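Enquirer: What follows is a single structure, and I will ask about it in a moment.
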C-alpha cells in the first residue's frame with residue numbers, strides 16, 4: 001500500500017469512527033434524559049394532539065423543548081450603579097452580572113413544566129371538559145407558586161422561571177387549530193368561577209415533591 005492510499009485509508013477510517021461515536025453519543029444523551037425523538041414537524045402539526053411516542057400525555061416536541069430549554073443556566077446577580085451623564089446629571093441603573101460556570105437546573109423545574117404541559121394537552125384533547133381543565137391548569141399554577149414562594153418551608157431555593165406558563169403556551173398552542181381550540185376553551189370560562197380547595201400549594205403538584213427535593217440534598 002503506497003503512502004497516499006494509506007493516508008486515505010486512515011482518514012476514511014477516522015471519519016467512520018467519528019460518525020459512529022457521534023451517533024452513539026446522541027443515542028446515549030437521549031436515552032439518559034429519556035427524551036423522545038424529534039418528531040416530523042409536518043406530521044406532528046397535522047393534528048391537535050400531535051405525536052406522543054412515549055404516551056406520557058405530553059407532545060414529543062414540547063417535552064424535548066422543556067428538557068433542552070431548562071438544561072443548564074449561569075447564575076446572575078443584579079446591582080444598581082450610579083452614572084454621571086455628559087451634562088453632569090446623576091442617575092441610577094441596574095446591571096446584570098453573570099459569573100461562574102453553567103450549572104444544571106434542579107429537576108423540579110422539569111416536573112413543573114411537564115405538569116403545565118399535561119394540563120394544556122388535556123385542554124386540546126377535551127376542550128369542553130371545563131371543570132377538569134381549569135382544575136388541572138390551576139393546579140399547575142399553584143404547584144409553580146409553591147416553589148417560588150416557599151423557600152423557608154422547603155429549606156432551599158429552587159430556580160423557577162416565572163414566565164414558564166406563557167412560554168409553554170407558545171410551544172403547546174403553535175398552530176391555528178391549537179390556538180383556536182384554546183381560545184374557545186377560554187371563552188367558555190367567562191363569567192364562571194372555579195375555586196380550588198385552599199391549603200398548601202405543595203399538594204397541587206402531581207409529582208412526588210419530597211423525593212425530588214431529596215435527590216439534590
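Taken together, the values in this text are just the output of simple stated rules run on the coordinates, not laboratory data. These figures come from a predicted structure and were not determined experimentally. A quick note on method: Cβ atoms are made from the backbone with ideal geometry, for glycine too, and the neighbour counts reach across all protein chains shown.
Enquirer: Pulled fully out, how much extra length does the chain show between residue 42 and residue 131, if you take 0.36 nm times their separation in residues and subtract their Cα-Cα distance?
Expert: Numbers: separation 89, 0.36 × 89 = 32.04 nm, distance 3.22 nm.
Separation in residues times 0.36 nm, less the Cα-Cα distance, equals 28.8 nm.
Enquirer: Along Cα→Cβ, 7 Å out, is where each label goes; now give me the distance between the ones at residue 103 and residue 215 in nm to one decimal.
Expert: 1.7
Enquirer: Let me ask something additional. What is the calculated FRET efficiency for residue 95 to residue 187, with r their C-beta to C-beta distance and R₀ = 45 Å, to the nearest 0.05?
Expert: Given R0 = 45 Å and the Cβ-Cβ separation, E is 0.55.
Enquirer: Right, next: Can you order the peptides 40-49, 87-96 by their average number of other Cβ atoms within 10 Å per residue, highest first?
Expert: Ranked by mean Cβ neighbours within 10 Å, highest first: 40-49, 87-96.
Enquirer: At 0.36 nm per residue, and after removing the present C-alpha to C-alpha distance, how many nm does the segment from residue 57 to residue 206 gain when stretched out fully? Provide the component values of the computation, followed by the final result.
Expert: Details: separation 149, 0.36 × 149 = 53.64 nm, distance 1.32 nm.
Computed gain between residue 57 and residue 206 is 52.3 nm.
Enquirer: Another question about this same structure. Ranked highest first by average number of other Cβ atoms within 10 Å, how do 162-170, 130-138 line up?
Expert: Per-residue Cβ counts within 10 Å, averaged per peptide and sorted highest first, yield 130-138, 162-170.
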